[in-house]
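Asker: Here's a structure for you.
Every number here is computed from the coordinates shown, using simple stated rules; none is lab data. What you see is a predicted model, and the numbers here were worked out from it, not measured in a lab. Don't worry about glycine lacking a Cβ; one is built from the backbone with ideal geometry, like all the others, and counts go over all protein chains shown.
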């Protein structure tokens, strides 16, 4: 397939990505967080049916909800998602905090999806404040995991990134480049200059993670200006706002001509104090905003064409 180098701001189609479960939120935080393979498959298909073109996936141990890289667990939901909907599968290479680099690549190497996430730099990734919540923890691992993140680095060195590119690129899988700060855009440009990655680049701007760039609209505009300078018309961009920043940042991205990511990985709520009952609820909410602005949601095949993906 020949990739179309379409600047996102000139397209009337908006790509919705949905991050189904992630590896940071824990089961005690919401009874609606999908943990088992059945729950992950069902919520993925529901999200796709209401407008998510891309489904971003992690796996969890079914009994405890701990993040895992076990491909036997991934194999219990990925084929079902592929069978029951046409969405693009995007497997995380970020895995879970503390996983080895090879563990993080297990699922991507086995399933060879159309798309994988690729984190473009190391950051402090601190969610330790969540351990202080007044909560009846279901599993002993949860508060311990959260508390230790104040001394944890999410490691993605230049050598790590090159290693991931070397292992995954030959599979025909393309990347969603996750940029937690403006310096990560320059890291991406470095790999582009080396000829190790090719356009069109699909860049996910991430705002509001403690250790990364703050969730301010001025920061979004600066990230966009920097990406314009570095990549010209050879990229499309999307926005992920963490927690309560999810919908305000997504709406601003839509106004600026960008694409959006929602999902329970990033935010457990649908409104202030109101837990989202599933991922599809968030997809529907952002779809409504998109359509109210006179825009359309991009379907999976349109998204494949825009991103130059290999297809199912």
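Asker: For the chain, with a Gaussian network of springs between Cα atoms less than 10 Å apart, report the residue from 82, 114, 176 with the top mean-square fluctuation.
Answerer: Highest fluctuation of the listed residues: 82.
Asker: Can you say what percent of the DSSP beta bridges in the range 48-163, counting only those with both residues inside, are antiparallel? Round to 5.
Answerer: Taking every DSSP beta bridge with both residues in the range 48-163, the antiparallel ones total about 40 percent.
Asker: Then there's this: Could you tell me how far the Cα centroid of the range 180-205 sits from the Cα centroid of the range 64-109, in Å?
Answerer: First find each Cα centre; the distance between them is then 23 Å.
Asker: How many angstrom lie between the Cα centre of the range 126-153 and the Cα centre of the range 240-302?
Answerer: Comparing the Cα centres of the range 126-153 and the range 240-302, I get a distance of 26 Å.
Asker: Now, a different point. Under a 10 Å cutoff between Cα atoms, tell me which one of 53, 189, 107 has the largest fluctuation in the Gaussian network model of the chain.
Answerer: Greatest mean-square fluctuation among the candidates belongs to 189.
Asker: A further question follows. Of the DSSP beta bridges with both residues in the chain, give the percent that are antiparallel, rounding to the nearest 5.
Answerer: DSSP beta bridges in the chain are roughly 15 percent antiparallel.
Asker: Another one. So, R0 is 25 Å and r is the distance between the beta-carbons of residue 166 and residue 99; what FRET efficiency does that work out to, to 0.05?
Answerer: Using R0 = 25 Å, I get an efficiency of 0.85.
Asker: Next up: Give me the percent relative contact order of the range 47-135, please, defined on Cα pairs under 8 angstrom at least 6 residues apart.
Answerer: Taking the mean separation of contacting Cα pairs over the length of the range 47-135, I get 27 percent.
Asker: Fully extended, how many nm does the chain gain between residue 222 and residue 291 (0.36 nm per residue separation, minus their Cα-Cα distance)?
Answerer: Result for the pair: 22.2 nm of gain on full extension.
Asker: Once label points are set 7 Å from the Cα along Cα→Cβ at both residue 83 and residue 110, what is their separation, rounded to one decimal in nm?
Answerer: Label-label distance for residue 83 and residue 110, simple model: 1.7 nm.
Asker: Tell me the label-point distance for the pair residue 137, residue 159, using the 7 Å Cα-to-Cβ offset, in nm and rounded to one decimal.
Answerer: Output for this residue pair reads 3.4 nm.
Asker: For the chain, what does the helix formula give at 222 nm: sum of -39500 (n - 2.57) over DSSP H segments with n ≥ 4, over the residue count, nearest 500 deg cm²/dmol?
Answerer: Mean residue ellipticity, 222 nm, calculated: -10500 deg cm²/dmol.
Asker: Next question. Could you pull the Rg and Dmax for the range 10-124, using just the Cα atoms, both in Å?
Answerer: Just the Cα atoms of the range 10-124 yield Rg and Dmax of 13.8, 46 Å.
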